[in-house]
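Below you'll find the structure, written out as structure tokens, and then a few comments.
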Amino acid sequence: MKIAEKNLNTKTVGCAFVGNPLSFSDTALSLVETELPCISCIRTAAVNDLLLMGQTRTQSIRLIIVDESMKESLTTIMPQLRAAFPMATVALAFRDIEIARSFADRIRIETSWGKVGFLPMNMNLDFWLSVVRLLASGESYFPSELFIREQPLSDVTTPHKASQPEVEDNQKTDAIHLTARELQVLEAAAKGKQNKIIADELQLSQHTVKLHMHHIIAKLGVHNRTEAANWYHHRDPAG
């Protein structure tokens, strides 16, 4: 078992990157620790290696990021992995959106997998670090492109007034996909609060609040913060 020589500090969030050095380089791991001091990183070559760790190291790991090349082995070993790391968020790091969609489809079936999310590897550095921070805080991240699939031309219909109520009903049901934290952020934004105030009230970083808003806007299918706020007030007039 090859593990980056790093003893996890119990005062930090332990993050295990599962993959080879080409997927998760030493430079990348060092960057995470430099930019996010609350996170301490290790790297293992395979998912099975995590199960061979001692109990002390196991208890300190709160985030497991697995390269997309190991999706099948991750799917197979997930029950044992979840038993060994019951408090950890497990995230699939991906570049191929179809691999990510396949894993997302499996997540919808396997309700016992606990906290699972995704880490896109083809985004800018600041946003990438924000997603790592979000996952390390115990939240899940599902990029909007997972829910967007190419629609066959035969399924495309011309919008008309009679179909409008159905569209509105679908928008209401989208609230099911918002996490509790996203609803908190959306509620605060709908009250006109700025990101800095929201961050202070929810004890989050401004980067994390921005990430939540980006995710909310994508999930609701709206174009900006104002439209998201309007959606919230329409959903909950009492708010």
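Table for the structure above
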quantity	calculated
Segment L202-S112, length gained on full extension (0.36 nm per residue, minus Cα span)	29.6 nm
31 Å Cα-Cα threshold exceeded, pairs from K71/K191; K71/K196; K71/K219	K71/K191; K71/K196
Radius of gyration and maximum dimension Dmax of region 13-145, Cα, Å	13.4, 38
Projected-area mean, region 44-117, by convex hull of Cα positions, square nanometres	4.5
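Only the coordinates and a few stated rules stand behind these numbers; no lab work does. Just so you know, these numbers come straight off a predicted model, no measurement behind them.
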